[in-house]
Amino acid sequence: MIYLTDKLAVTEGSECYMVGRPVETVQESGGKRCKAPKLRSPRYYSTMAQAVRGAVSTTLRQKVAANEITSLQEFIRQEQALQTEFTKKLEVLDL
């Protein structure tokens, strides 16, 4: 699992990429309790490019909702920056 932001992570399944909110769950295995990360409300994408676009879109929605982005110019600037940042972070999944 790759954490893109504190509210968004991506991982890959056998046939898709999943983007969602990371949460830790406690699992018991052989009498031991351990924390395992999972995605809450994941969205599924068949390609890395789609996963990046989805992650950028989700992050922008979160920033607009939190009033971190209040103008169209800032939205465009943030979109370009996030696209570059997330693509770099996710290149390891696209081997």
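The values are calculated or read from the model by the stated rules, or taken from the named source; none is laboratory data. Since this is a predicted model, take the numbers as computed values, not measurements. Here the Cβ positions follow ideal geometry from the backbone for every residue, glycine too, while neighbour counts run over all protein chains shown.
Overview of values
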| read-out | value |
| --- | --- |
| Odd one out for VAL23, checked against (1) of a type in the set (Val, Ile, Thr); (2) surrounded by 11 or more Cβ atoms within 10 Å (Cβ to Cβ); (3) part of a helix (DSSP H, G or I) | (3) |
| Criterion (hydrophobic (A, V, I, L, M, F, W, C) and within 11 Å of the chain's Cα centre (by Cα)) met by exactly one of MET18, MET48 | MET18 |
| Candidate set from segment 21-36 (those that are modelled with pLDDT under 80 and not charged (D, E, K, R)); member that is nearest to the chain's Cα centre (by Cα) | ALA36 |
| Residue satisfying condition, being touching a strand residue (DSSP E or B) at 6+ places or on another chain (Cβ under 9 Å) and either closer than 21 Å to PRO22 by Cα or hydrophobic (A, V, I, L, M, F, W, C) (or both), within set GLU91, GLU85 | GLU85 |
| Hits in segment 58-88 (condition: among the basic types (Lys, Arg) and loosely packed, with under 15 Cβ neighbours inside 10 Å) | ARG61, ARG77, LYS88 |
| Tabulated pairs, segment 17-41, first polar (S, T, N, Q), second assigned to a strand (DSSP E or B) and surrounded by 12 or more Cβ atoms within 10 Å (Cβ to Cβ), C-beta under 9 angstrom, 6+ apart or interchain | THR25/PRO37; THR25/LYS38; SER41/GLY20; SER41/ARG21 |
| Test: residue in segment 61-79 that is within 14 Å of LEU4 (Cα to Cα) and among the hydrophobic types (A, V, I, L, M, F, W, C) | no |
| Segment 26-58: number of residues that are closer than 14 Å to THR87 by Cα and not basic (Lys, Arg) | 10 |
| Test for GLY54: is it touching a helix residue (DSSP H, G or I) at 6+ places or on another chain (Cβ under 9 Å), surrounded by 14 or more Cβ atoms within 10 Å (Cβ to Cβ), among the small types (Gly, Ala, Ser) and at pLDDT 90 or above | no |
| Residues (assigned to a helix (DSSP H, G or I) and among the charged types (D, E, K, R)) located in segment 51-95 | ARG53, ARG61, LYS63, GLU74, ARG77, GLU79, GLU85, LYS88, LYS89, GLU91, ASP94 |
| Any chance VAL10 is part of a strand (DSSP E or B), in contact with a helix residue (DSSP H, G or I) (Cβ under 8 Å, 6 or more places away or on another chain) and among the hydrophobic types (A, V, I, L, M, F, W, C) | yes |
